[in-house]
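What follows draws every value from the coordinates through simple rules; no lab data is involved. Only a predicted model underlies this, so the values are computations on that prediction, with no experimental measurement involved. Note that each Cβ is placed from the backbone with ideal geometry, even for glycine, and that neighbours are counted across all protein chains shown.
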Amino acid sequence: MRELLARYKYRGNEALQPYMGQMLLSPLAGMTLELTGRLGGYKSGSHSLAHGHVDTRKYSVWHAITYVPVSRERAEERGFNQAERLAATVSSHTQIPLLHLLERKRHSAKQSFKTRSARMQDMESLFAAKRGAVEQFLLANQRKERQYVLRLLLVDDIYTTGSTIQACSEALQIACPDGIDIYALTWARS
């Protein structure tokens, strides 16, 4: 998996993207099944991925998908944001809306070369919610007496220390004063 990710992310082998994005569907189905069960809405047999068919109705527990943004410099270096592309693939297969809710406030050195404490320190104030996009998301999911918490999938390519997911989640929590549950969906864990 490490070699596959390196070929995609660092060597620009974008042909791997659809395959890698589809690999997220099975873990997402498991997360959805577990969440739906906790919410009391699971119906036996409704969560099949048989023959590549995805029943998009089961994904109604999710209100949107977003992704970890990269800096302008990193996007120019790689030519794309790998997390955004993975999120787009998941969105296209599940019909969960893909929203661009986060922005990176500054460029930072590659996280893969840093220690855990350096990663944690580097993440401080690195991300912010895109105010207009978050406001539209909240308005689109507004109800007079909302009896549910908004649930958002946050996609990234790799989970190492959790500092990136934590920093993005904190930025979104600040922007959503009525509360939001954020679930991370990553392609790999190192």
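Starting with the highest mean, order 165-174, 18-27, 149-158 by the number of other Cβ atoms within 10 Å, averaged over the residues of each peptide.
149-158, 165-174, 18-27
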Task: Separation in nanometres of the label points that stand 7 Å from Cα toward Cβ, at Ser71 and Ala15 - done: 3.2
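Any idea what diffusion coefficient the stretch 129-186 gets from Stokes-Einstein, in µm²/s, Kirkwood Rh on alpha carbon pairs, 4 °C, 1.567 mPa s?
Roughly 105 µm²/s, to the nearest whole number.
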Task: Nearest-0.05 FRET efficiency for Arg189 and Leu138, computed from C-beta distance (R0 35 Å) - done: 0.70
